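Some notes on the structure that comes next.
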Amino acid sequence: MTIAILSALPEEQGGLVQALEAPERIEHACRSFWRGRLYGHDLVLALSGIGKVAAASTAATLAERFGVRRMLFTGVAGGVGQGVRIGDTVVASEYLQHDMDASPIFPRWEVPGHGTRLACDRQLTAILSEAANRALTTTEGSFSPESAAAPAARMHCGLMASGDRFVSTAAESQRLRGELLAAGHDVLAVEMEGAAVAQVCRDHGLPFAAVRTISDRADDSAHVDFPHFIRHVAGPRADAIVHGFLRL
Ligand code: ADE
């Protein structure tokens, strides 16, 4: 049963390509896909690029052409939930698209025909949460905050929101979180792909799970924190989580 491991950017994929046994590179639809084995699993690794359309296109290819039976997303996200800090890990239990708005014809945030929230696969999410928790305690996966007094990184599991925007001001982040919270959606983190992959996986009946490390707080420093974090922390953390996941 082939598992797809999808990320938007190479830094979010860590060293997984290098770790593959019997790696085979396949070029398709302007992307490189890597087929191989790891810990006895058949894998396909893919980079979608940034945004919901790129992610949906890549996920559909993985389902249609590569016949994958499970899909996993690894990457980074901006923390918007209370107590969700840089270096923390968020495993998605559900997704919504924060930029979907077909109101007044349909309720705000509802994807017509799909509802507002898309649930991730429970079993896969439980295994991923276990792996993510363990990764926080290993050397490669841990994050050393600048200040020794800073609290240790934590794991959260909950609602994640995707949209075609890099959220980079405290005002936007607070507005987005506030509006969603007022409608009962307590979002922990924002990113730009996961909800699209969740929707494609639902169409294809594929179990889907996603894990994101918090690279920034989606605030006025996000444009500084994001590149630093993605260069130094995202890869080792993704490696630790995925290796752990495949071994569980
Ligand atoms: N991915 C990581 N940080 C993000 C942010 N602030 N907004 C959207 N996607 C992100």
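Kindly indicate whether GLY178 is within 23 Å of ARG69 (Cβ to Cβ), of a type outside the set (Ser, Thr, Tyr) and either surrounded by fewer than 24 Cβ atoms within 10 Å (Cβ to Cβ) or at pLDDT below 95 (or both). Spelling it out, it is not the case that GLY178 is within 23 Å of ARG69 (Cβ to Cβ), of a type outside the set (Ser, Thr, Tyr) and either surrounded by fewer than 24 Cβ atoms within 10 Å (Cβ to Cβ) or at pLDDT below 95 (or both). Listed by position, the strands (runs of 3 or more DSSP E) enclosed by segment 1-77 that each have at least 1 residues that are closer than 27 Å to MET155 by Cβ and free of Cβ contacts under 8 Å to residues at least 60 places away in the same chain are 41-47. Applying the criterion of being surrounded by 15 or more Cβ atoms within 10 Å (Cβ to Cβ) and at pLDDT 95 or above to the residues of segment 10-30, the residue that is farthest from the chain's Cα centre (by Cα) is PRO23. Looking only at segment 63-80, residues that are closer than 21 Å to ARG122 by Cβ and either away from the ligand (no atom under 12 Å from the Cβ) or touching a Phe, Trp or Tyr at 6+ places or on another chain (Cβ under 8 Å) (or both) come to 8 in all. Here is the figure for segment 216-240: residues that are under 22 Å from SER93 (Cβ atoms) and out of contact with any Gly (no Cβ under 7 Å at 6 or more places or on another chain) total 1. When GLY184 is tested against (1) under 16 Å from VAL91 (Cβ atoms); (2) part of a loop (DSSP other than H, G, I, E, B), only condition (1) is not met. Close Cβ contacts (under 6 Å, 6 or more residues apart or on different chains) running from residues in segment 224-238 that are under 12 Å from THR74 (Cβ atoms) and of a type in the set (D, E, K, R) to residues that are away from the ligand (no atom under 13 Å from the Cβ) and not in a helix (DSSP H, G or I) comprise ARG237/GLY141. In the condition set (1) touching an Asp or Glu at 6+ places or on another chain (Cβ under 8 Å); (2) among the aliphatic types (A, V, I, L, M); (3) within 14 Å of the ligand (Cβ to nearest atom), VAL211 is compliant with all but (1). Does ALA196 satisfy the condition of being modelled with pLDDT of 95 or more, buried (at least 24 other Cβ atoms within 10 Å of the Cβ) and more than 12 Å from the ligand (Cβ to nearest atom)? When the stated conditions are applied, ALA196 passes them.
The values are calculated or read from the model by the stated rules, or taken from the named source; none is laboratory data. These numbers were taken from a predicted model, which means no experiment stands behind them. Virtual Cβ from ideal backbone geometry, glycine too; neighbours counted across all protein chains shown.
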